[in-house]
Amino acid sequence: MRKFKLTVLNFGCRLTSAGWMVLALVAPSAYAQDGSAGNPLFNYPDTVITGMISAEVPKSVEECRRICIDRAGCAGFDYSEKGMCRIFASVGSARKIAGSLAETRALISGYDEPTNPPLAARFEKLKQSDNDGDELLALSHDAFAQGNRDIGNQAIQLSMQRGNAEAKLEIAQWYDPRTFASDRVASIDANKAARSYFELALEGNEKAVTLLTSLCREASNTGSAHANSLDSFLGSTYCEGSLNP
């Protein structure tokens, strides 16, 4: 391998005057949850839904969404352009009404696809269409945020395989002792991180140059807090020579 000198770079009730009353929320057994309360809701623009209404109250769309997210018995809500929020204990069907919005915990059977389809469905679609890996990387971030490590890892790895530098850089940082992501990879591997930084740096990626430079500095610092993780670091491979052609 060529050596390079690394230049260090410096719910049905109505509103009353006293507020609004909430009936007991019971999720029917036919209601298939896509997850627990708190999971993202599937978004259906220009849509109203039918089903068991558990509450109807004027609220902002953000407040309406939060009420549904915070209630385990909420199957979904719809919101009219007049500012009326309806919370549903069960969802039956949906229809188009311009200016309205509906969000549900489970997909609405026989209706349009939501703007934010399930992670697995998004992944299958992007495997066929996302050639540069940008959308796969965004999917990976969404998946990890929702606690789905399987889709998260598959999406970012495929993004990297398709030449996405940001995906490669992010994975490299998982292994870097300074930014080790124990929820992503099993162990620290400074050489694995450095190899990716090095390859990206040769392609002119300035962030990779900066990260590799600082890693080399860290490796040469005997008082580093990461010294034990850098014992087998191949400084002579990644820190000597020039990154310039």
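Read the figures in this text as sums done on the coordinates, not as results from a lab. No experiment lies behind these values; they were computed from the predicted model shown. All Cβ positions, glycine included, derive from the backbone under ideal geometry; neighbour counts span all protein chains shown.
Annotation note: GluC sites (Glu not before Pro) in the stretch 79-144 located in DSSP loop regions with a Cβ neighbour count of at most 14 within 10 Å are Glu81. Straight-line reach from Lys127: taking Cα to Cα under 19 Å and skipping same-chain neighbours fewer than 8 places apart, the aspartates and glutamates in range are Glu113, Glu135, Asp142, Asp150, Glu166. Expressed per residue, the C-alpha convex hull volume of the stretch 100-245 stands at 140 Å³. Backbone amide hydrogens, once placed in the peptide plane, bring Lys59 within less than 5 Å of Cys85, excluding anything fewer than 5 places away on its chain. Phi angles across the stretch 119-129 convert, under the Karplus curve 6.51 cos²θ - 1.76 cosθ + 1.60 with θ = phi - 60°, into 3J(HN,Hα) values of 3, 4, 5, 4, 5, 4, 5, 5, 4, 8, 10 Hz, Gly and Pro given as x.
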